[in-house]
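The values are calculated or read from the model by the stated rules, or taken from the named source; none is laboratory data. Not measured: the values here are computed from a predicted model. Cβ atoms come from the backbone with ideal geometry, glycine included; neighbour counts cover every protein chain shown. Just so you know, the surface numbers come from the protein's heavy atoms only, side chains and all, with ligands and any DNA or RNA stripped out. Shrake-Rupley method; radii C 1.70, N 1.55, O 1.52, S 1.80 Å.
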Amino acid sequence: MRFKSTVLVAALALSATLASAQQGVSKDTITLGSIQDLSGPIAGFGKQARLGMQLRVDEINEQGGINGRKVRIIFEDSAYDPKKAVLAAQKLVNQDKIFMMLGHLGTAQNLAAMPVLFEKNIVNFLPITSSREMYEPFHRLKYAYGPSYFDQMRTSTPRLVKEKGAKKVCALYQDDEFGLEVLRGAEAGLKSIGMDFVEKTSYKRGATDFSSQVARMQSSGCDFIAMGTIIRETIGAIGTARKMGYNPVFLGSNAAYTDLIHRLGGPAMNGFYATNTAQNPYLDEASQPIRFWANKYKTKFNEDPTVLSTYGYIFVDTFAKAATKAGVNLNTETFIKAMDSMTVPPDIFGSPQGTFSPTKHAGTEVSRLSQIQDGKWRVVSDYPEENAAPAAKK
């Protein structure tokens with residue numbers, strides 16, 4: 001009888017252990033998932049983010065893993081299509097049994113995939129998009145590094161307007177949620193210094209001709225243009241203005257902070273400003289740590305890194321810090337507890353300190369300014385101290 005009781009107790013204990021086992025975490029492995037655009041319109045971005053993530057994962061594993069566990073990351077392709085992102089999320093969650101979604105690329109894609117994750121208590125960790133929806137409304141399973149497009153433009157627009165002594169400010173923006181976020185942020189920034197837009201003009205996604213919009217802003221006498229544009233539209237609008245002899249100050253968000261602007265747009269892009277946190281890692285960068293990292297990346301993958309490569313690398317590194325802090329008993333709850341008391345220090349790429357709490361899941365709201373000078377991005381204005389302190393206290 002005693003033997004049967006012992007067996008029953010052991011069976012119940014085993015059953016409880018199996019029931020509480022954490023998906024994606026085994027004795028020797030942590031399995032992560034990431035959805036990128038690997039075949040769609042921004043496949044270049046997806047590939048760069050993937051390689052940056054893989055570089056940091058390889059480093060972690062070479063150093064013994066996280067609390068004795070090696071990291072495995074599985075990449076799926078969304079082709080930048082929200083419907084495909086849902087299918088990819090379902091595979092990663094239900095078939096691959098991932099512990100966490102990390103660095104998922106794209107706003108609409110993240111929003112489509114989140115319900116699949118949250119149903120299984122899986123964290124959506126540091127997606128590659130600056131939409132406020134990545135952390136608002138608050139959800140215990142949503143973590144974003146920030147800053148949002150709104151906050152980037154809210155803080156950077158008035159600073160640059162005052163620095164340049166601009167008198168009339170215009171806005172050129174993509175007619176969708178991304179463009180409107182940039183517009184709203186710049187508008188809020190202008191109101192803080194008692195100004196408003198003289199002219200606002202939009203374009204449909206996929207537009208290639210910006211002559212009417214540029215002519216409209218030129219006729220309004222605008223000497224400063226806030227741009228809710230990405231790559232092709234940034235190049236097209238600035239190139240058109242240069243040909244018309246119209247040379248206002250152009251300011252974009254970090255959606256336009258990419259080496260493709262000066263590589264594809266050429267000398268006409270010189271002078272363009274954009275917000276950023278991590279900086280593009282040129283192989284001949286003046287900063288020795290960035291230069292060393294960029295050459296390591298080039299040696300491993302036989303191509304130059306970009307700012308998307310740094311995002312991937314930073315986000316895996318942040319995950320590793322939190323997972324290490326969570327300890328050997330890694331699960332969703334211990335990870336959240338670790339993240340909710342995390343301070344992520346500034347990194348070699350110039351990203352600001354990030355702070356998280358039980359009520360604040362966006363690491364920072366501050367950004368800095370870079371400008372294209374002689375065909376390369378150069379940091380020209382650092383993080384505003386008056387905005388950095390409140391961000392750390394929230």
- Item | Built amide H within the under 5 Å cut-off of Phe224, gap 5+ | Lys168, Cys170, Val249
- Task: Could you list which residues have their amide H under 5 Å from that of Ala207, counting only those 5 or more apart in sequence or on another chain, with H placed in the peptide plane?
- Result: none
- Message: Applying a 10 Å radius around every beta-carbon, put 122-128, 215-221 in order of their mean neighbour count, most first.
- Response: 122-128, 215-221
- Message: At a 10 angstrom cut-off on C-beta neighbours, averaged per residue, how do the peptides 190-198, 140-148, 335-343, 371-379 rank from highest to lowest?
- Response: 140-148, 335-343, 371-379, 190-198
- List the equivalent ellipsoid semi-axes of the stretch 195-271 in whole Å, largest first, each obtained as the square root of 5λ for an eigenvalue λ of the Cα gyration tensor. 19, 13, 13
- Query: Is there a pair in Lys83/Lys296; Lys83/Lys204; Lys47/Lys296; Lys84/Lys376; Lys83/Lys360; Lys142/Lys164 whose C-alpha atoms are over 27 Å apart, and which pairs would that be?
  - Reply: Lys83/Lys296; Lys84/Lys376; Lys83/Lys360; Lys142/Lys164
- Item | the stretch 169-234 and the stretch 288-322: distance between their alpha carbon centers, rounded to Å | 33 Å
- Note on the structure: Checking rank on 57-67, 178-188, 85-95, with mean other Cβ inside 10 Å and highest first, the result is 178-188, 85-95, 57-67
- Message: Explain nothing, just the number: relative contact order of the chain, from Cα pairs under 8 Å at least 6 residues apart, as a whole percent.
- Response: 16 percent
- Query: About its Cα centre, what dipole magnitude does the chain give when the only charges are +1 on Lys and Arg Cβ and -1 on Asp and Glu Cβ, stated in debye to the nearest 20?
  - Reply: 640 debye
- Query: When the helix-only estimate is applied to the chain (DSSP H runs of n ≥ 4, each -39,500 (n - 2.57), divided by the residue count), what is the mean residue ellipticity at 222 nm, nearest 500 deg cm²/dmol?
  - Reply: -13500 deg cm²/dmol
- Based on the Kirkwood radius over alpha-carbon pairs, what is the Stokes-Einstein translational diffusion coefficient of the stretch 44-139 at 4 °C with 1.567 mPa s viscosity, in µm²/s? 92 µm²/s
- Hey, got the dipole for the stretch 95-181? About the Cα centre, +1 on K and R Cβ, -1 on D and E Cβ, debye to the nearest 20? 460 debye
- Along its principal axes, what span do the Cα atoms of the stretch 186-231 show, with the longest given first and each in whole Å? 34, 23, 14
- Thr332 accessible area, 1.4 Å probe, all protein chains in place, Å² to nearest 10: 0 Å²
- Item | Dipole moment magnitude, nearest 20 debye, the stretch 59-216 about Cα centre, only Lys, Arg, Asp, Glu C-beta charged | 280 debye
- Task: Let me know the shape class of the chain, please: from the alpha-carbon gyration tensor, a ≥ b ≥ c as square roots of the eigenvalues, rounded when a/c is under 1.5, otherwise prolate if a/b is greater than b/c, or oblate.
- Result: prolate
